[in-house]
Amino acid sequence: MDKPVDTEAAILGSAVALLREHTFEDISYLDLAEATAVSERTIYRRFPTRSHLLEALASWIEAEQFPLPQFRTPEEFREAVRARFRAYETAPGCAFVAARGAALSPTTQAPAVPITSAIFAMLDDAAPTLNGRDRQRIAAAARYFASPMFWARMRTGFDMSADETLEAFDRAMLPILAPARKTSWAA
Amino acid sequence: MPEADLAPELSSTQTAILTAYSELIEEVGTDDVSFRLIAVRAGVGERTIFRYYPARVDLLLATSAWIERTIFTRQESESIFDVPLAIREAMEAYDRRPELAHVVAETALRGVNGAEPAPRRDRFDTMVRGEVPALAEHERRLLVAALCHLDSAATWVTMRRELGMAGRDIADAAMWAAEAQLDPIRDRAAG
């Protein structure tokens with residue numbers, strides 16, 4: 001581990017491996033240090049608090065574990081969301097961390113997540129004359145229902161599977177996309 | 001008071017501890033607050049805190065629930081068609097206390113070991129069943145699920161963080177999205 005490999009990525013990779021068996025709360029900095037073969041001090045230097053760790057871990061998981069399929073149309077958006085919900089279900093420990101990390105008070109200025117700009121691009125393409133207020137409302141709602149937060153709430157609060165969660169997503173999106181919809185949604 | 005009947009009885013010592021911790025969260029965040037600091041602020045011994053809340057996570061979840069009950073209180077909706085208005089008011093409340101909104105949002109997304117992710121699920125379900133009895137159970141479940149998702153601090157956090165929206169735009173968008181959920185049942189209410 002002396003090579004100048006990305007220590008941060010190595011630490012986050014160990015955390016992801018530990019998340020298969022443990023919750024985030026159960027993973028100590030000592031566990032992480034041992035799994036990564038670095039000192040506990042190194043972990044503290046990279047992640048001064050557990051919030052820092054959770055936030056970095058969540059963005060890493062989103063990018064590495066659940067990469068977002070490209071989409072340009074509402075139909076492709078729906079397929080991308082379906083693929084994500086199914087992926088969350090196969091790695092729930094990671095998906096809960098992704099949901100929680102997205103809820104934290106940000107410690108760093110995170111770069112814009114690609115899904116948000118992709119949703120705006122999709123809307124601009126599907127409804128180029130849509131007024132600005134509805135454009136923002138629709139994008140905000142679509143972004144929020146497509147998030148790991150929705151999957152997490154449906155799983156814990158409603159005991160829904162990934163496919164049921166997609167059904168709830170469809171039901172929520174139908175009236176939200178109505179002002180921007182020319183083609184049918186989830187026909 | 002909404003949800004008050006579900007609230008556990010808290011001793012004045014517990015209330016002092018939860019108040020102290022929520023104040024310190026707003027001042028320095030959740031992580032950098034030691035039990036010692038909370039004890040000093042609450043005017044109790046550190047051992048007293050451990051007696052009520054053996055681990056930090058116990059204290060955090062209790063504080064989160066307390067914040068939802070006492071700071072982000074919603075006016076009780078008489079009708080499911082009033083819920084969008086309550087959601088709008090909730091968003092305005094989250095916008096006034098952003099640090100606390102983040103705590104409440106995060107603890108509700110922890111899974112079975114976290115805070116209740118849909119605290120008004122049963123209330124919404126009862127209202128829809130009473131007001132729109134013709135709605136099939138499955139449809140009702142999906143509607144209640146969408147409203148519960150919108151009626152949460154995570155809505156405010158996402159629209160703030162991911163879209164950079166201002167408080168009034170978030171309140172508007174959350175209310176609008178909730179109204180949209182009700183569109184399919186607007187004219188199906190029982191007379």
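The values are calculated or read from the model by the stated rules, or taken from the named source; none is laboratory data. Quantities reported herein were computed from a predicted structural model and do not represent experimental measurements. We place every Cβ from the backbone using ideal geometry, glycine too, and count neighbours over all the protein chains shown. Surface accessibility is based on the protein's heavy atoms, side chains included, excluding ligands, DNA and RNA. Shrake-Rupley method; radii C 1.70, N 1.55, O 1.52, S 1.80 Å.
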Which numbered condition A:Leu68 fails, given (1) among the hydrophobic types (A, V, I, L, M, F, W, C); (2) part of a helix (DSSP H, G or I); (3) at pLDDT below 95: (2)
Conditions (1) surrounded by fewer than 17 Cβ atoms within 10 Å (Cβ to Cβ); (2) under 22 Å from B:Val104 (Cβ atoms); (3) modelled with pLDDT of 95 or more: number failed by A:Thr107: (3)
Residue count for the range B:169-191, restricted to those that are facing chain A (nearest Cβ under 9 Å) and open to solvent by less than 10 Å² (accessible area, probe 1.4 Å): 7
Criterion: within 7 Å of chain A (Cβ to nearest Cβ) and on the phi < 0 side of the Ramachandran plot - qualifying residue of B:Ala166, B:Ala154: B:Ala154
Selection within the range A:1-51 - in contact (Cβ under 8 Å) with a residue 60 or more places away in the chain and open to solvent by less than 30 Å² (accessible area, probe 1.4 Å): A:Val16, A:Leu19, A:Phe24
Hits in the range B:94-126 - residues which are surrounded by 19 or more Cβ atoms within 10 Å (Cβ to Cβ), without any contact (Cβ under 8 Å) to a residue 60 or more places away in the chain and more than 11 Å from every other protein chain (Cβ to nearest Cβ): B:Phe124
Meets criteria (touching a helix residue (DSSP H, G or I) at 6+ places or on another chain (Cβ under 7 Å) and not small (Gly, Ala, Ser)) for A:Thr49: no
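B:Ile71: open to solvent by 10 Å² or more (accessible area, probe 1.4 Å), out of contact with any Pro (no Cβ under 9 Å at 6 or more places or on another chain) and under 19 Å from B:Val157 (Cα atoms), yes or no?
Details: open to solvent by 10 Å² or more (accessible area, probe 1.4 Å): yes; out of contact with any Pro (no Cβ under 9 Å at 6 or more places or on another chain): yes; under 19 Å from B:Val157 (Cα atoms): yes.
Answer is yes for this residue.
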Matching residues in the range B:127-151 - criterion: being open to solvent by less than 10 Å² (accessible area, probe 1.4 Å) and away from chain A (no Cβ under 13 Å): B:Val128, B:Val132
